[in-house]
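The values are calculated or read from the model by the stated rules, or taken from the named source; none is laboratory data. If you're wondering where the values come from, they're calculated on a predicted model, not measured in any experiment. Every residue, glycine among them, receives a Cβ derived from its backbone with ideal geometry; neighbour counts consider all protein chains shown.
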Amino acid sequence: MDSEAQKASSNNPSVMLASLLSRRAKLQDELRGIEKQSLLFAAGLRPTPAQATVVSWVLKDGMQHMGKLICSNLGARMDSEPKCWRILADVLYDFGTGLEVLSPLCPQLFLQVAGFGNFAKGMAVVAARATRLPIYSAFAKEGNLSDLFAKGEAISTVFNVIGMGVGIQLASTVCSSMQGKMVAGPLLSMVHVYCVIEEMRATPINTLNPQRTAMIVADFLKTGKVSSPADLRYREDLLFPGRLIKDAGNVRVGRSFHEIIKPSKLGELKEMFPEEKFLLNRGNKGVDMILEQNATGEDALRGWLVAGYTADIEKSFRVPSPSALEEAYEKMNDVFGPFVLELQAKGWHTDRFLDGTGSRFAWGSNLGTDNYSQRY
């Protein structure tokens, strides 16, 4: 009975696939070790196997782990702008790979160049893995995130194998010389990055960050309609996501508390909207908004709508109006209920606001003593 069960298990396609992938991973590790030793030989070194192992650790594990640790501190920024960081991850990985390919050309600086290449690849690996889940979550319906993740990994494995085959073919033809590698490498990298950019542009993200919130508010103030994640995906700025949007009131989020608000003005700003979890401070180039520690996406939307309505009212008067904020606040309260319901119906998550490492505040029990704290 046990032998029959074992035989059935061994004939299971899932078990066979898992076994093949495990053996492929071990073979890949061996090939990477041979690659490092080949690089050393190309640089004019003749290491023993023990020395090659030590150098391999320094290049692959040491520098790569350092890159991973540094990049892991930027997780909040990746939550806020997963598309931008996904593109940056692929650029960093291609850059690191290019340095590894070019390292034999400078034997005196071989260790530094190859080590820096692995450092860049380590940062790329963390950024790519950290942004994968937010991107998959945008496509998830009815809790099928694991199914999406598994299918994505299967597709990735298929194309990795195809890429290995194409790489072997190129290595024996066009890329057999260093000149061929220097021509084919940048071309393949440009095609790769272009495909990733188009992929990210086509991905609808349904969480609220500063850029998407400003675009939602701008569309609502101009047309009275609520845009869906699919409506905004091709309009997002993936290179400069922090740009100000004039139609949404030129609101900036995330600046340091002490840079934009003087302690003497804290009580005055809080008294404008005592029940709200945001502060609005008008500057020369825009409006700075600082959120309370536990503020949600709905609180950010309320502040953005107030700033947008204020800008519209002052534009109609052509001069700053003392009562513009009060009138804008009343308008926001009139439209906010239906506005949020339509946002949620379009698929937006309004229960949180992803502002990266933006500054937030927390009030103490006594406003008169400026008893506040700040988070970066």
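Okay, here's what the table says:
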quantity	calculated
Some residue of segment 244-257 being in the same structural domain as SER316 (by TED's automatic domain parsing), in a helix (DSSP H, G or I), over 17 Å from VAL287 (Cα atoms) and touching a residue at least 12 places away in the same chain (Cβ under 8 Å)	no
Yes/no for LYS346 being within 27 Å of SER80 (Cβ to Cβ) and modelled with pLDDT of 90 or more	yes
Count of segment 210-234 residues which are aromatic (Phe, Trp, Tyr) and more than 24 Å from the chain's Cα centre (by Cα)	1
Filter result for VAL226 (assigned to a helix (DSSP H, G or I), under 30 Å from ILE313 (Cβ atoms), modelled with pLDDT of 90 or more and in contact with a Leu (Cβ under 8 Å, 6 or more places away or on another chain))	no
Residue that is surrounded by the most Cβ atoms within 10 Å (Cβ to Cβ) [pool: residues in segment 257-303 that are of a type in the set (Lys, Arg) and within 22 Å of ASN333 (Cα to Cα)]	ARG302
Which numbered condition ALA218 fails, given (1) at pLDDT 90 or above; (2) surrounded by 12 or more Cβ atoms within 10 Å (Cβ to Cβ); (3) of a type in the set (A, V, I, L, M); (4) outside the structural domain of TRP304 (by TED's automatic domain parsing)	(4)
SER156 being within 30 Å of LEU208 (Cα to Cα), out of contact with any helix residue (DSSP H, G or I) (no Cβ under 8 Å at 6 or more places or on another chain) and either among the hydrophobic types (A, V, I, L, M, F, W, C) or modelled with pLDDT under 85 (or both)	yes
Pairs with Cβ under 9 Å, 6+ apart, first in segment 291-305 and outside the structural domain of ASN333 (by TED's automatic domain parsing), second assigned to a helix (DSSP H, G or I) and polar (S, T, N, Q)	none
Any chance ALA324 is in the same structural domain as THR350 (by TED's automatic domain parsing) and touching a Gly at 6+ places or on another chain (Cβ under 6 Å)	no
Residue within segment 265-281 that is among the acidic types (Asp, Glu) and at pLDDT below 85 present	yes
Residue in segment 188-203 that is among the polar types (S, T, N, Q), surrounded by 12 or more Cβ atoms within 10 Å (Cβ to Cβ), more than 30 Å from ASP299 (Cβ to Cβ) and not assigned by TED's automatic domain parsing to the domain that holds ALA307 present	yes
Residue match in segment 260-267 (condition: aliphatic (A, V, I, L, M), within 21 Å of LEU354 (Cα to Cα) and either assigned by TED's automatic domain parsing to the domain that holds ALA140 or in a helix (DSSP H, G or I) (or both))	yes
Helices (runs of 4 or more DSSP H) completely within segment 72-187 that count 1 or more residues being without any contact (Cβ under 8 Å) to a residue 40 or more places away in the chain and surrounded by 14 or more Cβ atoms within 10 Å (Cβ to Cβ)	82-102, 110-139, 145-171
Sole residue being closer than 29 Å to LEU88 by Cβ and surrounded by fewer than 15 Cβ atoms within 10 Å (Cβ to Cβ), chosen from GLY242, GLY254	GLY242
